[in-house]
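*Asks:* One structure, pasted below without further comment.
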Amino acid sequence: MAEAKTGTLAVTGNEAVAEAMRQIDPDVVCAYPITPQTEVVQLYAQMVADGKVTSEFVTVESEHSAMSAVIGSAAAGARTMTATSSQGFALMWELLYIAASYRLPIVMTTVNRALSGPINIHCDHSDTMGGRDSGWIQLYGENHQQAYDNCIQAIRIAEHLDVRTPVMHMYDGYVISGAIGPLVMLPDETVRQFIGPYKAINPLLDTEHPVTVGPFDGLRGFYFEHKISQNRAMDRALTVIQDVADEYADLSGRRYGLLEPYRLDDAEIAIVVIGSTAGTTRMVVDKLRAKGVKAGMVRVRVFRPFPHEAYAQALQHVKVVGVLDRADSFGAQGGPVFLEIRAALYDCDPRPQVLPFIYGLGGRDIFPDNIEQAFVQLEQAAQGKERATTERRYLNVREG
Amino acid sequence: MTPMKRPKWDITDIDTWGPGKHELGATIPTSGNSDEFVTGGWRSQTPHIDIDKCTGCMLCYFFCPDASIVIENGKAVDVDLKHCKGCGICAKECPSDAITMTTDQGA
């Protein structure tokens, strides 16, 4: 086992990802530093300078340029990675869609941070939640280990011939990125064999077979058909993500699914949550279980593609589901995860109640008491004669 | 070793292609095929060349934004109407007034 070889390391989330990138040793990294992702880029640049990796490191003047360079590099035929956060992610915006529609298997680390304004450098998920329709696959990690594991698995998912779609993997800014936590690494050679050599499709640098990447769709108009093929790749990605996770489990002993249920089998109330707050929620579930409350939890790992059937399967027996969103969708019925979960459970009979909670915006702390309070609201809804309202419930917010 | 030749990209029935038939990421997997993209239908005016007036200065050829002037033996002899968009630059630049524009009917 890998564990016996490397032992458990104490690292920041960013260090964990920089180490994963070192082991992947992509052909090209184009990146621009931004809080709280900076450490990833800084450490990787150092590895390049020290000759620990063979990557070409392209320093760019903005994230718009970073994603543009990444697209050019991937189209040229190189295994390419980048990393960003928040405003940097927002600046990449138009290129995210281009990368996905060109079907370039880029892997991007995104350290979740609030979008301005007011200017805020702390964690929430408003950056990547805004990119959920860009055509990228989205994996959300809970902790340091998952940041590392997702980064490595992302390469295999993105490059799989059934998928060929860029993957972004996320973890919470500061809470994971800057705080120290445990990490068990795989040996370098194991990672190298797991990811395998990169095979580019129609690379621009294959001068014997000249191609045009990114042509004008023209007056004949096949845009619509290309969008459908992107969505078909997303459907196939559900299987691929699970297959890659299973193969990775054989190497690492760490098993991942599309979603991660916790004490859910006989649960009457349950919380769905993304990111590091899952750890806190798990603790609260244990506390409530000790008191006889049938509480459970699901952690969202894969948000795009969204495995709606798996959620319906996992949550159909639950009376009331509370969805904790660390991003809001202004003017919508609730946050992005809430909307997905509520839609996924629509065909269940009986249909569980689904209530929207918003927490942690701009890095607002989320305490076990806040989560317990959410469970109390779920319990009240479960006991109520009428279905509860779907107004947003805010956790740890100043009233008035 | 000589690289393997790819089969020619056959797009004769491309108008019937569904999502499964197109190249990944909308890439065009061959080169030199812009000639097949017929854009002359945009044209509302058409250039006509009076070969007798042409002195072979080639200005029309160099100014044409679409490489639509056909040159033979150093003289402009024809216009590639599959791609000419009727901009009239050739007629404007010709120092010998050898090119005139007419308005196309029903274009």
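The values are calculated or read from the model by the stated rules, or taken from the named source; none is laboratory data. Bear in mind the structure is a predicted one, so any value in this text is a computation, not a measurement. In this analysis, Cβ positions are derived from the backbone assuming ideal geometry, glycine residues included, and neighbour counts consider all displayed protein chains.
*Asks:* Failed condition for A:ARG351, given (1) assigned to a helix (DSSP H, G or I); (2) out of contact with any Ser or Thr (no Cβ under 8 Å at 6 or more places or on another chain), with all others met?
*Replies:* Among (1) assigned to a helix (DSSP H, G or I); (2) out of contact with any Ser or Thr (no Cβ under 8 Å at 6 or more places or on another chain), A:ARG351 violates only (1).
*Asks:* Out of all the residues in the range A:23-58, which are in a loop (DSSP other than H, G, I, E, B) and either among the small types (Gly, Ala, Ser) or more than 22 Å from the chain's Cα centre (by Cα) (or both)?
*Replies:* From the range A:23-58, those in a loop (DSSP other than H, G, I, E, B) are A:25-27, A:32-37, A:50-55; that's our starting set.
A:ASP27, A:ASP50, A:GLY51, A:LYS52, A:VAL53, A:THR54, A:SER55, listed by residue number.
*Asks:* In this structure, is B:GLU23 within 14 Å of another protein chain (Cβ to nearest Cβ), surrounded by 16 or more Cβ atoms within 10 Å (Cβ to Cβ), among the charged types (D, E, K, R) and within 25 Å of A:VAL213 (Cβ to Cβ)? Explain how you work it out, then say what you get.
*Replies:* Details: within 14 Å of another protein chain (Cβ to nearest Cβ): yes; surrounded by 16 or more Cβ atoms within 10 Å (Cβ to Cβ): yes; among the charged types (D, E, K, R): yes; within 25 Å of A:VAL213 (Cβ to Cβ): yes.
Answer is yes for this residue.
*Asks:* Next question, about the same structure. Are any of the residues in the range A:315-337 out of contact with any strand residue (DSSP E or B) (no Cβ under 9 Å at 6 or more places or on another chain), at pLDDT 95 or above and within 19 Å of A:PRO261 (Cβ to Cβ)?
*Replies:* So the first thing to find is which residues in the range A:315-337 are out of contact with any strand residue (DSSP E or B) (no Cβ under 9 Å at 6 or more places or on another chain), and the list is A:316-317, A:329-332.
Applying the additional criterion that residues be at pLDDT 95 or above yields A:316-317, A:329-332.
Right, trim to within 19 Å of A:PRO261 (Cβ to Cβ) and you get A:316-317.
The answer is yes; a qualifying residue exists.
*Asks:* Which one of the conditions (1) touching a His at 6+ places or on another chain (Cβ under 9 Å); (2) more than 17 Å from A:THR82 (Cα to Cα); (3) part of a helix (DSSP H, G or I); (4) away from chain B (no Cβ under 14 Å) does A:GLN193 fail to meet, given that it meets all the rest?
*Replies:* (1)
*Asks:* With the condition kept exactly as written, say whether any residue in the range B:55-73 is within 14 Å of another protein chain (Cβ to nearest Cβ), closer than 28 Å to A:PRO215 by Cβ, surrounded by 14 or more Cβ atoms within 10 Å (Cβ to Cβ) and free of Cβ contacts under 8 Å to residues at least 60 places away in the same chain. I'd like the intermediate steps shown before the answer.
*Replies:* Initial filter on the range B:55-73 (within 14 Å of another protein chain (Cβ to nearest Cβ)): none.
No, because not a single residue in the range B:55-73 is within 14 Å of another protein chain (Cβ to nearest Cβ), closer than 28 Å to A:PRO215 by Cβ, surrounded by 14 or more Cβ atoms within 10 Å (Cβ to Cβ) and free of Cβ contacts under 8 Å to residues at least 60 places away in the same chain.
*Asks:* Hey, another quick one. Within the range A:91-139, work out how many residues are under 16 Å from the mean Cα position of the chain (by Cα) and assigned to a helix (DSSP H, G or I).
*Replies:* Of the range A:91-139, the ones under 16 Å from the mean Cα position of the chain (by Cα) are A:96, A:100, A:105-114, A:123-139.
Next, only the ones that are assigned to a helix (DSSP H, G or I) stay: A:96, A:100, A:126-129.
Count: 6.
*Asks:* Hey, can you tell me all the residues within the range A:79-109 that are in contact with an Asp or Glu (Cβ under 6 Å, 6 or more places away or on another chain) and either surrounded by fewer than 19 Cβ atoms within 10 Å (Cβ to Cβ) or away from every other protein chain (no Cβ under 12 Å) (or both)? Walk me through it before giving the result.
*Replies:* Quick first cut of the range A:79-109, residues in contact with an Asp or Glu (Cβ under 6 Å, 6 or more places away or on another chain) only: A:79, A:84, A:86, A:88-89, A:91-92, A:105.
Correct list: A:ARG79, A:THR84, A:SER86, A:GLY88, A:PHE89, A:LEU91, A:MET92.
*Asks:* Taking into account only those residues within the range B:31-54 that are within 11 Å of the chain's Cα centre (by Cα) and among the hydroxyl-bearing types (Ser, Thr, Tyr), which is nearest to A:VAL213 (Cα to Cα)?
*Replies:* B:SER34
*Asks:* Restricted to the range A:199-248, and to residues that are part of a loop (DSSP other than H, G, I, E, B), more than 9 Å from every other protein chain (Cβ to nearest Cβ) and modelled with pLDDT of 95 or more, which residue is surrounded by the fewest Cβ atoms within 10 Å (Cβ to Cβ)?
*Replies:* Among residues in the range A:199-248 that are part of a loop (DSSP other than H, G, I, E, B), more than 9 Å from every other protein chain (Cβ to nearest Cβ) and modelled with pLDDT of 95 or more, the one surrounded by the fewest Cβ atoms within 10 Å (Cβ to Cβ) is A:LEU205.
*Asks:* Tell me, please, whether a residue that is in contact (Cβ under 8 Å) with a residue 12 or more places away in the chain, away from chain A (no Cβ under 14 Å), surrounded by 14 or more Cβ atoms within 10 Å (Cβ to Cβ) and not in a loop (DSSP other than H, G, I, E, B) can be found in the range B:27-35.
*Replies:* Looking for residues that are in contact (Cβ under 8 Å) with a residue 12 or more places away in the chain, away from chain A (no Cβ under 14 Å), surrounded by 14 or more Cβ atoms within 10 Å (Cβ to Cβ) and not in a loop (DSSP other than H, G, I, E, B), one finds none in the range B:27-35, hence no.
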